[in-house]
Amino acid sequence: MSDVILQLDSISKKFDGKDILKDFNLELHRNEFVTLLGPSGCGKSTTLRIIGGFVKPDSGRVLFDGTDITNLPPEKRNVNTVFQKYSLFPHMTVAENIAFGLKLKKKSSKYIADKIDYALKLVNMEGYGGRNPESLSGGQQQRVAIARAIVNEPEILLLDEPLGALDLKLRHDMQRELIKIKKEVGITFLYVTHDQEEALMMSDRILVMNKGIIQQEGSSKSIYDEPQNAFVADFIGESNIIDGIMVKDLLVKIQGVDIPCVDTGFGTNTPVDVVIRPEDLEVVSKEEGFLKGTVTSVIFKGAYYEIKVLSDGYEWMIQSVNPAPVGEVVGLTVLPDNIQIMHKPASDDEEVVRDE
Amino acid sequence: MVRKLKKALSGIYVTLIGILLYAPILVLIILSFNDSRSRVTWGGFTLDWYARLFANSQIMDALWTTVLLALGSAVISVLIGVPGAIGIHAMSRRGYRAFMLLTNIPMLNADIVTGIALMLWFVHFLPLGFGSVLLAHITFNIPYVILSVMPRLQTMNISVYEATRDLGAGPVYSFFKVLLPQMAGGILSGFFMAFTMSMDDFVITYFTKGAGINTLSTMIYGQIRKGIKPELYALSTLIFIIVLIILTVFQFVSGRRERNKTYKERYNE
């Protein structure tokens with residue numbers, strides 16, 4: 001039994017002549033929580049629907065456990081989907097909804113009853129079996145949808161922005177619950193979202209997508225700490241992205257100032273993109289900072305102040321626990337460790353970085 | 001004082017409208033029990049006209065033809081219209097607009113134009129008779145079915161269909177088990193609409209029926225020259241009461257569904 005459960009082999013898909021996926025490759029391992037993260041229209045939902053069998057790729061193959069399932073209809077695939085809009089059957093009770101797939105598989109009624117109990121317990125909905133789906137709240141409906149998918153014991157569970165319609169508090173609860181469910185059932189989860197916080201919190205592995213191409217792939221931490229291009233840096237969390245010149249190893253020039261960093265291998269005097277996270281910048285007196293600028297605004301955000309400092313035409317964003325006086329000239333410092341250097345993309349289309 | 005006057009006036013107004021709308025029908029109903037051929041004098045209560053009605057084979061034939069036509073055309077229009085609506089719904093925006101326009105035209109078109117056009121068409125290809133009238137009725141009924149099913153389709157969550165496929169159901173099973181039950185309300189109202197439209201039609205039927213067969217409307221029209229017999233008052237009364245019963249039941253059922261909905265919406269997020 002190989003560790004790779006699903007493989008997308010150079011999948012391409014066009015809608016109305018527009019490329020949605022271009023030569024797309026993806027491998028899913030057993031018992032892994034993978035998230036496809038990207039803005040709307042980036043191809044993440046199409047990828048999911050291709051795996052679910054609802055969309056046929058124009059070219060390329062879908063391999064499930066080594067077998068080609070590209071032309072298999074959805075009902076013949078050992079994957080199940082949790083849809084964004086719950087999609088419960090309104091004319092059936094919660095229990096009947098959950099039993100739907102099992103009845104089709106001609107399971108015994110004892111087996112089905114046991115499974116319904118197990119699934120309701122798993123999603124924390126005991127006692128709701130006789131209820132009508134439309135009498136449930138959005139969060140409860142989504143739990144039922146998860147239960148309905150999981151009782152079929154799929155090897156991969158596909159989740160298409162399942163928490164998109166829920167409010168923030170409920171979304172946080174459901175995120176924790178999803179992790180719990182994932183641990184309990186021990187199958188592969190492929191999760192699609194545009195919410196970077198959600199992706200960072202839940203995933204073993206994140207694939208950041210844009211324009212039908214994987215921009216970066218890696219763990220939550222590596223994606224947040226070491227974005228490989230401006231798109232990823234911008235999409236994941238908030239970032240200051242600015243033009244710089246790599247003077248030599250360990251030294252980068254930003255706004256005419258040489259600042260020590262930890263990156264090497266960019267050559268000498270190479271134009272690069274520099275990323276500094278707002279929480280990594282520190283406001284100091286103007287004599288102490290690498291950079292000097294005027295504080296243009298300070299906004300209290302609860303856990304921190306969001307400070308904007310205008311320096312040489314670029315507005316730096318800083319998150320700090322201390323406020324700064326608006327209108328005054330201050331200095332900015334950053335630790336060498338917290339400077340992330342990225343190659344400039346050679347062209348717009350080449351906003352692509354592959355891990356290999 | 002002014003309030004009282006306002007209330008009284010509005011009461012009078014509504015009563016007046018009610019009388020204008022229903023007095024003629026009330027007169028018709030009373031006349032159907034009138035033991036006199038006169039339309040102005042009351043000759044005592046009788047059920048005689050009802051007895052004669054059921055004994056009159058000409059009227060009974062026409063009634064049978066009318067009901068058969070209404071049922072047949074409504075059923076066939078549903079069978080054609082429902083898949084049609086699903087197909088149109090699945091089209092691109094432009095295709096959808098074009099086909100909905102095509103659907104609307106026959107409904108807004110003057111009956112006489114449709115009637116003559118169908119007649120011209122039919123005389124070339126098939127003998128005029130029950131078959132040609134049935135075809136004509138199906139033709140004008142399909143749009144009504146499509147129009148009453150379409151709103152249901154639009155509010156339906158299409159991923160429900162995908163969910164059934166996802167859970168292991170084939171396309172046919174998904175359609176009958178999940179899509180059809182959700183469309184049932186729209187299909188039912190489409191059916192009744194088609195049924196009523198067929199019952200009601202005179203112009204198109206008149207042009208496409210040929211000799212030999214009659215629906216109630218064409219038969220009554222044919223009798224106008226000889227003077228309308230009181231049996232027909234009895235028949236009209238019966239039809240009115242049947243329609244009233246169907247309408248009341250329908251109101252009751254859909255009214256209850258509406259109440260359930262608001263209840264649900266209250267508890268939904």
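The values are calculated or read from the model by the stated rules, or taken from the named source; none is laboratory data. Since the structure is predicted, the reported quantities are computational estimates derived from the model, not experimental observations. Counting neighbours? That spans all protein chains shown, and the Cβs are built from the backbone with ideal geometry, glycine included.
Can you tell me which residue is nearest to the other protein chains (Cβ to nearest Cβ) among those in segment A:27-74 that are among the acidic types (Asp, Glu) and under 24 Å from A:Ser219 (Cα atoms)?
Of everything passing the filter in segment A:27-74, A:Asp65 is nearest to the other protein chains (Cβ to nearest Cβ).
With respect to the numbered conditions (1) of a type in the set (S, T, N, Q); (2) touching a Leu at 6+ places or on another chain (Cβ under 8 Å); (3) surrounded by 22 or more Cβ atoms within 10 Å (Cβ to Cβ), which one is the sole condition not fulfilled by A:Gln196?
The failed condition is (3).
For A:Pro133, are the conditions met, namely being at pLDDT below 90, surrounded by 15 or more Cβ atoms within 10 Å (Cβ to Cβ) and within 11 Å of chain B (Cβ to nearest Cβ)?
Spelling it out, it is not the case that A:Pro133 is at pLDDT below 90, surrounded by 15 or more Cβ atoms within 10 Å (Cβ to Cβ) and within 11 Å of chain B (Cβ to nearest Cβ).
Sort through A:Gly218, A:Gly186 and tell me the only one that's of a type in the set (Gly, Ala, Ser), in the same structural domain as A:Val34 (by TED's automatic domain parsing) and buried (at least 16 other Cβ atoms within 10 Å of the Cβ).
Result: A:Gly218 is the single residue among A:Gly218, A:Gly186 that is of a type in the set (Gly, Ala, Ser), in the same structural domain as A:Val34 (by TED's automatic domain parsing) and buried (at least 16 other Cβ atoms within 10 Å of the Cβ).
Without any contact (Cβ under 8 Å) to a residue 24 or more places away in the chain, at positive phi and surrounded by fewer than 16 Cβ atoms within 10 Å (Cβ to Cβ) - does that describe any residue in segment B:38-56?
Among the residues of segment B:38-56, at least one is without any contact (Cβ under 8 Å) to a residue 24 or more places away in the chain, at positive phi and surrounded by fewer than 16 Cβ atoms within 10 Å (Cβ to Cβ), which makes the answer yes.
For segment B:10-45, name all the residues that are touching a Ser or Thr at 6+ places or on another chain (Cβ under 9 Å), outside any helix (DSSP H, G or I) and closer than 21 Å to B:Ile239 by Cβ.
Scanning segment B:10-45 gives B:Phe33, B:Asn34.
For segment A:60-83, enumerate the residues that are exposed (fewer than 14 other Cβ atoms within 10 Å of the Cβ) and either outside any helix (DSSP H, G or I) or touching a strand residue (DSSP E or B) at 6+ places or on another chain (Cβ under 7 Å) (or both).
Result: A:Gly66, A:Thr67, A:Asp68, A:Asn71, A:Pro73.
Specify the residue that is farthest from A:Ile98 (Cα to Cα); the eligible residues are those in segment A:132-179 that are under 17 Å from the mean Cα position of the chain (by Cα) and in a helix (DSSP H, G or I).
A:Leu168
Are there any helices (runs of 4 or more DSSP H) wholly within segment B:169-230 with 2 or more residues that are free of Cβ contacts under 8 Å to residues at least 12 places away in the same chain and within 14 Å of chain A (Cβ to nearest Cβ), and if so which?
Output list reads B:171-174, B:180-200.
Among residues belonging to segment B:184-212 that are of a type in the set (Ser, Thr, Tyr) and within 19 Å of B:Ile146 (Cα to Cα), point out the one that is modelled with the highest pLDDT.
Result: B:Ser198.
I'd like the residue in segment A:140-176 that is over 23 Å from A:Leu63 (Cβ atoms) and small (Gly, Ala, Ser) and, out of all such residues, is modelled with the lowest pLDDT.
Here the answer is A:Ala165.
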